[in-house]
Amino acid sequence: MTTIAVEQRILNANDQIAAENRAALDAAGTLAINVMASPGAGKTSLILATAARLPADVRPAVIEGDLASRIDADTMTAAGIDVVQINTGGSCHLDAPMVRTALPELLAGRPDLLFIENVGNLICTAEFALGSHLNVVVASSPEGHDKPYKYPGMFAAADAVVLNKADVMAVFDFDVDFFQRGLAMVNAHAPLFVVSCRTGDGLDAWVAWLLAQRAQS
Ligand code: MG
Ligand code: ZN
């Protein structure tokens, strides 16, 4: 019981800071998207491909969450995108205090969209509110079509699901209908976008959805 009480207190502190992050984002007119996936599903690739398809008057910024390294942040910088790298030092998820440290620098530029690339992990990332407006889960065909069945909590928390690497689906005997049925079992509202960040297929529909979310916010 003691352990449960302590965890509860930590979560409440996180939620409090997440609410402060949300207020700062709203004051800057920035829509924040928490991008979650397993390692290697294509979070960085999706953010880059999305940024490249935004209208000229919609400016993106990125927070990169990784256990270690600046590899993804350097990729964003090379693409001309404002980025702050957060190294979690072993923690398997971002939390609201980590995101808070990155906001002053990024929100000074008043970006229209802030992509928060979470640590590659389908288990606990969705349990920690960051202050973001949207949760997006990226899956990919090499991971297999059973992901929504095995990680229901993650897919239940999604506002949208992007299924990447559609171009190699046949190689992995990926059953889209099975994947979609699993998603529908845990989440009745999240749209599914089947895309390939490598070929560009399907990305226009995803970007249109994202821009529509921004228009509604
Ligand atoms: Mg990445
Ligand atoms: Zn974690």
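The values are calculated or read from the model by the stated rules, or taken from the named source; none is laboratory data. Please read these numbers as outputs of a predicted model, since none were measured by experiment. Note: ideal-geometry Cβ built from the backbone for every residue, glycine included; neighbour counts use all protein chains shown.
For the stretch 45-55, a tally of residues being of a type outside the set (A, V, I, L, M, F, W, C), surrounded by fewer than 21 Cβ atoms within 10 Å (Cβ to Cβ) and away from ligand 1 (no atom under 11 Å from the Cβ) returns 2.
Taking the options 84, 62, name whichever one is crowded, with 22+ Cβ neighbours inside 10 Å and within 16 Å of ligand 1 (Cβ to nearest atom). Write out each step before concluding.
On the way: 84 fails: crowded, with 22+ Cβ neighbours inside 10 Å.
Residue meeting the stated conditions: 62.
Against the list (1) buried (at least 16 other Cβ atoms within 10 Å of the Cβ); (2) more than 16 Å from ligand 2 (Cβ to nearest atom); (3) touching a residue at least 60 places away in the same chain (Cβ under 8 Å), the condition residue 110 fails is (1). Taken together, the criteria exclude residue 154 from residues that are modelled with pLDDT of 95 or more, part of a helix (DSSP H, G or I) and more than 20 Å from residue 118 (Cα to Cα). Restricting the first member to the stretch 79-99 and to residues that are touching a residue at least 24 places away in the same chain (Cβ under 8 Å) and among the hydroxyl-bearing types (Ser, Thr, Tyr), and the second to residues that are assigned to a loop (DSSP other than H, G, I, E, B) and within 16 Å of ligand 1 (Cβ to nearest atom), the beta-carbon pairs closer than 8 Å and six or more apart or on different chains are 88/67; 88/94; 88/119; 91/67; 91/119. Only one of the numbered conditions (1) under 21 Å from residue 108 (Cβ atoms); (2) within 13 Å of ligand 1 (Cβ to nearest atom); (3) at pLDDT 95 or above is violated by residue 42, and that is (1).
Of everything listed in (1) buried (at least 24 other Cβ atoms within 10 Å of the Cβ); (2) assigned to a helix (DSSP H, G or I); (3) of a type outside the set (Asp, Glu), the single unmet condition for residue 104 is (1). Of the residues making up the stretch 69-90, one or more are touching a strand residue (DSSP E or B) at 6+ places or on another chain (Cβ under 9 Å) and at positive phi. Every listed requirement among (1) assigned to a loop (DSSP other than H, G, I, E, B); (2) more than 16 Å from residue 86 (Cβ to Cβ) is met by residue 136 save one, (1). Restricting attention to the stretch 30-39, does a residue exist that is surrounded by 14 or more Cβ atoms within 10 Å (Cβ to Cβ), polar (S, T, N, Q), in a strand (DSSP E or B) and touching a Lys or Arg at 6+ places or on another chain (Cβ under 7 Å)? No: the stretch 30-39 contains no residue that is surrounded by 14 or more Cβ atoms within 10 Å (Cβ to Cβ), polar (S, T, N, Q), in a strand (DSSP E or B) and touching a Lys or Arg at 6+ places or on another chain (Cβ under 7 Å). When 183, 163, 130, 134 are screened for being under 25 Å from residue 28 (Cβ atoms), crowded, with 21+ Cβ neighbours inside 10 Å and either touching a helix residue (DSSP H, G or I) at 6+ places or on another chain (Cβ under 8 Å) or aromatic (Phe, Trp, Tyr) (or both), only 130 passes.
Kindly provide the set of residues from the stretch 65-81 that are within 16 Å of ligand 1 (Cβ to nearest atom), out of contact with any Ser or Thr (no Cβ under 8 Å at 6 or more places or on another chain) and not hydrophobic (A, V, I, L, M, F, W, C), ordered by number. Matches in the stretch 65-81: 69, 70, 74, 77.
Within the stretch 65-73, is even one residue surrounded by 21 or more Cβ atoms within 10 Å (Cβ to Cβ), within 11 Å of the chain's Cα centre (by Cα), under 24 Å from residue 202 (Cβ atoms) and within 14 Å of ligand 2 (Cβ to nearest atom)? No - not one qualifying residue is present in the stretch 65-73. For the stretch 116-125, indicate whether the set of residues that are over 13 Å from residue 37 (Cα atoms) and either in contact with a Lys or Arg (Cβ under 9 Å, 6 or more places away or on another chain) or within 16 Å of ligand 2 (Cβ to nearest atom) (or both) is non-empty. Within the stretch 116-125, not a single residue is over 13 Å from residue 37 (Cα atoms) and either in contact with a Lys or Arg (Cβ under 9 Å, 6 or more places away or on another chain) or within 16 Å of ligand 2 (Cβ to nearest atom) (or both).
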